[in-house]
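A.B. asks: Okay, handing you the structure first.
The values are calculated or read from the model by the stated rules, or taken from the named source; none is laboratory data. Just so it is clear, the model here is predicted, and its values are computed rather than measured. Neighbour counts are summed over all protein chains in view; Cβ atoms, including those assigned to glycine, are modelled from backbone coordinates with ideal geometry. These area figures cover heavy atoms from the full protein model, side chains too; ligands, DNA and RNA do not enter into them. Shrake-Rupley method; radii C 1.70, N 1.55, O 1.52, S 1.80 Å.
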Amino acid sequence: MSVAENIEKLKQQIGNGVTLVAVSKTKPAALILEAYNAGQRDFGENYIQELTEKYAQLPKDIQWHMIGHVQTNKVKYIAPFVHLIHGVDSLKLLKEINKQAEKNNRVIQCLLQVHIAQEETKFGFDPAEILALIKGEEWKTLKNVCIKGLMTMGSNTDDMKQVEEEFLKVKYLFDEFCNYIPASPGGPSAMPVLSMGMSGDFALAIKCGSNMIRVGSLLFGERNYSPK
Ligand SMILES: *Cc1c(COP(=O)(O)O)cnc(C)c1O
């Protein structure tokens, strides 16, 4: 099946209330254009350099999502154009994003990453840290970032029962978290975001309350390197 057919099929499966971020890391611009020509506008990358190169080459109405780990000293390269940064895992990083957004006269949308998987290698805040941060006052002084919601990655396991438990924990956290972020103006598109679910577990993630999924290999085929 073509990329266009894959997107069509997946969109029918997930319905209207869920945003599809097409994860194009390691894939060439030509393939991204195929998806673009099929109407896809949200794309995700996990390396800053690859993201900036693709931004330069591809149509300017693409909404670029930074889904990987962000080093503080590299925020400046994506601040002019990035649509949503999924992997905010420290207040220090949030402050740097705020600083670079201000320089670019922008408000940058961010998700706080929740560490829920068993692998220690994964980044993110613990649930308790998320609540402590959002109940605190410091983030409210950062006028050039907008905290839109949460992002998480489930454990890399075939045990779907475990992944489901993790997703439900994050949904539970998300519901509490949403009491503390300001109600965004502008209708349904301004709803809080829960970015959860990849090729192997997106259906489960949606069942557990996700409204944004990040799908790569199911759309573009397997990558020829380990994704993690
Ligand atoms: C690579 C990646 C994805 C997509 O993974 P697939 O299994 O190919 O769908 C989603 N989220 C993050 C953070 C990733 O790095």
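A.B. asks: Using 0.36 nm times the number of residues separating E164 and E8, minus their current alpha carbon distance, what extension gain do you get?
C.D. replies: That pair, E164 and E8, stretches by 53.6 nm at full extension.
A.B. asks: A further question follows. Taking the solvent-accessible surface of protein heavy atoms with a 1.4 Å probe, what is the per residue accessible area of the range 1-55 in Å²?
C.D. replies: Value for the range 1-55: 49 Å² per residue.
A.B. asks: A follow-up question, please. Which pairs break 31 Å Cα to Cα here: K99/K161; K99/K122; K92/K161; K9/K76; K9/K95?
C.D. replies: Table pairs above 31 Å Cα-Cα are K99/K161; K92/K161; K9/K76; K9/K95.
A.B. asks: With unit charges on the beta carbons (Lys and Arg positive, Asp and Glu negative) and the dipole taken about the Cα centre of the range 1-80, which residue among I62, M1, L33 sits farthest to the positive side?
C.D. replies: Checked the options; the winner is I62.
A.B. asks: Roughly how many debye, to the nearest 20, is the charge dipole of the chain about its Cα centre, given +1 on each Lys and Arg Cβ, -1 on each Asp and Glu Cβ, and no other charges?
C.D. replies: 760 debye
A.B. asks: Give me the accessible area per residue for the range 104-228, probe 1.4 Å, as a whole number in Å².
C.D. replies: For the range 104-228, the per-residue accessible area is 51 Å².
A.B. asks: Okay, next question. With a 1.4 Å probe and all protein chains kept in place, how much accessible area does E5 have, in Å² rounded to the nearest 10?
C.D. replies: E5 has an accessible surface of roughly 100 Å² with all protein chains in place.
A.B. asks: Mind giving me the FRET efficiency for N37 and R106? R0 is 41 Å, r the Cβ-Cβ distance, nearest 0.05 is fine.
C.D. replies: 0.90
A.B. asks: What is the spin-label model distance, in nm, from S217 to E176 if the labels are put 7 Å beyond Cα along the C-beta direction?
C.D. replies: Computed distance between label sites S217 and E176 equals 3.4 nm.
A.B. asks: With point charges of +1 on the Cβ of Lys and Arg and -1 on the Cβ of Asp and Glu, referenced to the Cα centre of the chain, which listed residue (I130, L111, V215) lies farthest in the positive direction of the dipole?
C.D. replies: The one lying farthest along the dipole's positive direction is L111.
A.B. asks: Along Cα→Cβ, 7 Å out, is where each label goes; now give me the distance between the ones at E119 and E137 in nm to one decimal.
C.D. replies: 4.0 nm
A.B. asks: Given +1 on the Cβ of Lys and Arg, -1 on the Cβ of Asp and Glu, and no further charges, what dipole in debye does the range 5-81 carry about its Cα centre, rounded to the nearest 20?
C.D. replies: Once rounded to the nearest 20, the dipole reads 180 debye.
A.B. asks: Per the 1.4 Å probe, what fraction of the accessible area of the range 1-146, in percent, lies on carbon and sulfur atoms?
C.D. replies: Reported share for carbon and sulfur atoms: 49 percent.
A.B. asks: Another one. With the crude spin-label approximation of a point 7 Å out along Cα→Cβ, what separation in nm comes out for K99 versus Y47?
C.D. replies: Reported label-point gap for K99 and Y47 is 2.6 nm.
A.B. asks: Using +1 at the C-beta of Lys and Arg and -1 at the C-beta of Asp and Glu, which of I48, I85, V75 has the Cα lying farthest in the positive direction of the dipole of the range 22-95?
C.D. replies: V75
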